[in-house]
Amino acid sequence: GWWLVVGDPRTQTLLVVKRVSVGRHLDTRVEFMAPEREGPCKLKMFLMCDAYLGCDQEFDVEINVLQGDDEASEMDED
């Protein structure tokens, strides 16, 4: 089995852990709470195998965090 893990190295927090199936390629979507600070944010993404040693992959991922919509936070409060 394979695991997709996304973390923020600056705060040393995991944002998402998802079990995935890997064939010739991997096509998946992950959802997580974006870091609170606005602007560019450097994250780490790991593709980890729980069956084979030495085939784990690590990627640098940069996202741009935008200011949230006030309406969305008001809906959460209801």
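The values are calculated or read from the model by the stated rules, or taken from the named source; none is laboratory data. None of the values given here were measured: they were computed from a predicted structure. Glycine also receives a Cβ, built like all others from the backbone with ideal geometry; neighbour counts cover every protein chain displayed. Ligands, DNA and RNA are stripped out before the accessible areas are found, and what is left, the full protein with its side chains, is counted by its heavy atoms. Shrake-Rupley method; radii C 1.70, N 1.55, O 1.52, S 1.80 Å.
Computed over the Cα atoms of the chain, the ratio of the radius of gyration to the Kirkwood radius (Rg/Rh) comes to 1.06.
Only the Cβ atoms of Lys and Arg (+1) and of Asp and Glu (-1) were treated as charged; on that basis the dipole of the chain about its Cα centre amounts to roughly 780 debye. Rolling a 1.4 angstrom probe over the chain with all protein chains present gives an accessible area of which 50% lies on carbon and sulfur atoms. Each Lys or Arg adds one and each Asp or Glu subtracts one; over the other residues with Cβ under 14 Å from the Cβ of Val22, this totals 0. With the helix formula -39500 (n - 2.57) applied to DSSP H stretches of n ≥ 4, the chain reaches a computed 222 nm mean residue ellipticity of -2500 deg cm²/dmol. One chain, two ends: Leu66 and Arg19. Fully extended at 0.36 nm per residue, the span grows by 14.2 nm beyond their Cα-Cα distance.
Put simply, the amide H of Val65, placed in the peptide plane, has neighbours under 5 Å in Gly39, Cys41, leaving out anything fewer than 5 places away on its chain. Can you tally the net charge around Lys44? Count Lys and Arg as +1, Asp and Glu as -1, for every other residue whose Cβ sits under 9 Å from the Cβ of Lys44. It works out to a net charge of -2. For the chain, the solvent-accessible area of protein heavy atoms averages 84 Å² per residue (probe radius 1.4 Å; ligands and nucleic acids excluded). Take the Cα of Met48, step 7 Å toward its Cβ, do the same at Asp8, and the gap between the two points is 1.9 nm.
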